[in-house]
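Every read-out reported here was derived from the displayed coordinates using simple, explicitly stated rules and does not represent laboratory data. Here the structure is a predicted model, which means the values were calculated and not measured. Methodologically, a virtual Cβ is constructed for each residue, glycine included, from the backbone with ideal geometry; neighbour enumeration extends over all protein chains shown.
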Amino acid sequence: MSDRPVEARQAAPARARVQYAIVPIPRLSLQTVARRAGVHPDLIRRFVALGLVEAERDASGRLLFEPTAPAALARVQRLRTGLCLNYASIGLVLDLLDRISLLEAALRRAGTRSDIPPWT
């Protein structure tokens, strides 16, 4: 054994991957999303806080949404009314539905077919 102190190895810093959009990505304001989805803006803020709908904040703190946000809000509303779920369980159901979609897409890419037809 050596009497030299053992130096702790430091992990190499993770490299940040920066992506630049060639075309500006359109973002929707809270009011636009509320109008298109037919939902009150306060309810949308609550959905964002619960993680049911994704949003970003601009430099002034206003919420900005992807163009697909009204469809995501409609999905949340359909789960709420159709299955009588509370908002916490809707988050779980949305995660599971997204996971199912990814697995089905992976099966299609692999060329593997299930004997069971897709439920959607």
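Mean 1/r over all different Cα pairs, inverted: what Kirkwood radius does the stretch 28-110 give, in Å?
That comes to 13.7 Å for the stretch 28-110.
Based only on other Cβ atoms within 10 Å, what is the fewest-to-most ordering of Thr81, Thr32, Thr68?
Thr81, Thr68, Thr32
So what's the convex hull volume per residue for the Cα atoms of the stretch 41-86, in Å³?
69 Å³
How big is the charge dipole of the stretch 28-110 about its Cα centre, in debye rounded to the nearest 20, if each Lys and Arg gets +1 on its Cβ and each Asp and Glu gets -1 on its Cβ?
200 debye
So if each residue of separation counts as 0.36 nm, and I subtract the Cα-Cα distance between Ala59 and Leu83, what length gain in nm does that give?
So the extension gain works out to 4.9 nm.
May I ask for the net charge around Leu28, where only other residues with Cβ less than 15 Å from the Cβ of Leu28 are counted and Lys, Arg are +1 while Asp, Glu are -1?
Summing Lys/Arg as +1 and Asp/Glu as -1 gives +2.
Could you compute the net charge surrounding Val76? Neighbours are other residues with a C-beta less than 15 Å from the C-beta of Val76; K and R count +1, D and E count -1.
Result for the neighbourhood of Val76: +1.
Pop a pseudo-label 7 angstrom from the Cα along the beta-carbon direction at both Arg17 and Asp95 and give the gap in nm to one decimal.
In this crude label model, Arg17 to Asp95 measures out at 2.3 nm.
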